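Okay, so here's the structure we're looking at.
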Amino acid sequence: MKSLLQQLGPVTAIIGAQWGDEGKGKVTDLLAEHFDVIARACGGANAGHTIVVNGKKHVFHLLPAGSLHAGKAVVLGSGMVIHLPTLLEEIATLKETGIDIIGRLFISPAAHIVFEFHKQIDTVMEERRSKGIGTTRRGIGPAYMDKAARTGIRMERLTEDLRAELTARSKELKKMYDITVDIDAELKSLKDAREILRPAVVKSLPILMHDFLERKQRILIEGAQAILLDIDHGTYPYVTSSSTSAAGALQGLGLPPSMLHSCIGVAKAYCTRVGAGEFPTEEIGAHGDRLRKRGGEYGATTGRPRRCGWLDLEDIRFSTVVNGFTHINLTKLDVLDEEAEIRFGVGREADGSVKLERIPGWKTSTAGLTSFEKLPKQAQTYIERIEEFVKIPVALIGTGPGREDIIVR
Ligand code: GDP
Ligand code: IMO
Ligand code: MG
């Protein structure tokens, strides 16, 4: 760990290299101890980041997974869309475990509020599409639509009386989507949030981040979603509505791009996707079912079964190009322990189909291993093949869901 920490600069980002759920939360929680500020930059409660500490599972949707570490500053960035009841629930759940986040929580005034009507619109839009995207129905797309249309309501307006504005809005929405907005319920959520969150909303996020850096505070950015779900660089239109890249994370926090010193790309040792869209290495038969079962591949946000398939190195290379990864965290290696043969994508055939390479599996348990040397030879070969293809070090290897189940090289 010491050697890795020496390589990581004062601003480090953790970014998903596939279609999300790679295990970003776990590595954030692991590294958070060594940083002063833990920040989410973009996205909303479509994210579900699970960590397991002392056998206890914690799921985060809006707060970064690093929030468990007492005393660290926690930031919610300007690129985020925040569903207030979800945030209050997360804060309350943490409090139940003895962790008080108020006082060290900093929320950007420019983050947008996700209202219940955004969730209602999300559902209507999904149902109107001839082929659904398979969104999380958390109102993400509609909240970013409002942001882009400059009709959104931001955290800076938390203390305002919004009844007249919401009443006017509800009339428009009835016409456009045939939905009925429960204005009293929306106002009640705002009121509940105001009482708890008002002190957390800062004046200017870029200035706050600048002050952290001036005071030599180390900043860890926990990415949400992943590059193949990025609005610009992902598998459009089957993407989310935010910028999920390292650049997007900096933008979302108001940090200058030159500040990013290191970027850890998180990739599963295989691959999963929730929702619709291309997935060239997908296995829809017995292989996929086995991976889903062993990997517990059900969405942390929606409980949906995740589609499963093999690692696609072409995608990891693309992700490295876009994000400038300095390190890879390969997660869930242990899920492959019972595979007789491991397959992985190494490029595309002329017709666009994926070129698969195959190596024999190791058929022994790697669960909980913490040293590379203890890994079976075939597993070492797999990791070395990944490094050779992607040309950056696989510095962390996940061998189980627990905080300690990891190899740090
Ligand atoms: P995130 O959205 O990228 O933070 O990932 P999720 O939390 O949605 O999904 C990752 C799941 O895999 C969680 O249930 C984690 O507890 C689990 N997990 C993370 N790393 C490992 C690992 O190395 N091995 C195993 N078996 N599970 C892991
Ligand atoms: P974390 O941070 C996996 C997917 C949805 C859908 C598409 C659009 O846990 O990795 P949206 O609700 O954002 O409009 O849905 O994006 N999606 C995710 N898939 N992990 C996530 O977050 C996701 N966030 C969104 O399943 O296909
Ligand atoms: Mg997730």
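The values are calculated or read from the model by the stated rules, or taken from the named source; none is laboratory data. Fair warning: this is a prediction, and the values are worked out from it, not measured in the lab. Backbone-built Cβ (ideal geometry, glycine too); neighbour counts: all protein chains shown. Side chains included, ligands, DNA and RNA excluded: accessible areas come from the protein's heavy atoms. Shrake-Rupley method; radii C 1.70, N 1.55, O 1.52, S 1.80 Å.
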Which value, in Å³ per residue, describes the convex hull spanned by the Cα atoms of segment 161-256?
156 Å³
Shape metrics for segment 75-198, restricted to C-alpha atoms - Rg then Dmax, Å
15.1, 47
For E283, which sequence-distant residues (separation of 5 or more, or a different chain) have an amide H within less than 5 Å of its own amide H, given hydrogens modelled in the peptide plane?
C308, G309, W310
Sorted by chain and number, the residues with a modelled amide H under 5 Å from that of I342, at a separation of 5 or more or across chains, are I359, G361
Once you have the Cα-Cα distance between A367 and S130, take 0.36 nm times their residue separation minus that, and quote the gain in nm to one decimal.
81.0 nm
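Show me 136-145, 154-163, 275-284 ranked by packing, highest mean number of other Cβ atoms within 10 Å first.
136-145, 275-284, 154-163
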Quick one: net charge of F389's neighbours, Cβ under 13 Å, K/R +1, D/E -1?
-3
Where Rh denotes the Kirkwood radius from the mean inverse Cα pair distance, what is Rg over Rh for the chain?
0.97
Given the rule -39500 (n - 2.57) for each run of at least 4 DSSP H residues, summed and divided by the residues of the chain, what is its mean residue ellipticity at 222 nm, to the nearest 500 deg cm²/dmol?
-10000 deg cm²/dmol
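Over the chain, calculate the relative contact order: mean separation of alpha carbon pairs under 8 Å at least 6 apart, over the residue count, as a percent. Mind dumping the intermediate values first?
Working: 907 pairs, mean separation 84.7, N = 409.
Here the relative contact order equals 21 percent.
Using a probe radius of 1.4 Å on heavy atoms only, what accessible surface per residue do you get for the chain? Whole Å² is fine. Mind dumping the intermediate values first?
Working: 16860 Å² over 409 residues.
I get 41 Å² per residue for the chain.
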Can you give the local net charge around E22? Use residues other than it whose beta-carbon is closer than 10 angstrom to its beta-carbon, Lys and Arg +1, Asp and Glu -1.
+3
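In Å, the Kirkwood hydrodynamic radius of segment 297-406 over pairs of distinct alpha carbons?
On the way: mean 1/r = 0.0664 Å⁻¹.
Computed over Cα pairs of segment 297-406, the Kirkwood hydrodynamic radius comes out at 15.1 Å.
Return the FRET efficiency for the residue pair R157, K95: r is the Cβ-Cβ distance, R0 is 30 Å, and the value is rounded to the nearest 0.05. Walk me through the numbers before you get to the answer.
Details: r = 26 Å, r/R0 = 0.87.
Once the sixth-power term is evaluated, E becomes 0.70.
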Contact order normalised by residue count of segment 1-89, Cα under 8 Å, 6+ apart, percent:
30 percent
Taking N as the number of residues in segment 206-361, the ratio of its alpha carbon radius of gyration to 2.2 N^0.38 Å works out to 1.16
Which peptide among 30-42, 170-182, 64-76 comes first, and what is the full order, when sorted by highest mean count of other Cβ atoms within 10 Å?
30-42, 64-76, 170-182
Proximal aspartates and glutamates to K391, defined as alpha-carbon separation beneath 17 angstrom and excluding residues fewer than eight positions away on the same chain:
D312, E314, D315
Mind checking the full-extension length gain between I102 and K216? Use 0.36 nm per residue of separation minus the Cα-Cα distance, one decimal, nm.
38.8 nm
Taking the alpha-carbon distance from K171 and a cut-off under 20 Å, which lysines remain once sequence neighbours fewer than 8 residues away in the same chain are dropped?
K119, K147, K188
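What percentage of the solvent-accessible surface of the chain, computed with a 1.4 Å probe over protein heavy atoms, is contributed by carbon and sulfur atoms?
For the chain, the apolar C and S fraction of the accessible surface comes to 52 percent.
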Can you give the Kirkwood hydrodynamic radius of segment 238-308 from its Cα pairs, in Å with one decimal?
14.5 Å
Listed by chain and number, the lysines with an alpha carbon less than 25 angstrom from that of K72, same-chain partners under 8 positions apart left out, are K2, K24, K26, K56, K57, K95, K203, K216
For a quick protection proxy, order the peptides 183-193, 5-15 by their average other-Cβ count within 10 Å, most packed first.
5-15, 183-193
Segment 74-122, relative contact order [Cα under 8 Å, separation at least 6], %
59 percent
Low-density loop GluC sites (Glu not before Pro), segment 324-409, at most 10 other Cβ within 10 Å, DSSP non-H/G/I/E/B, are E349
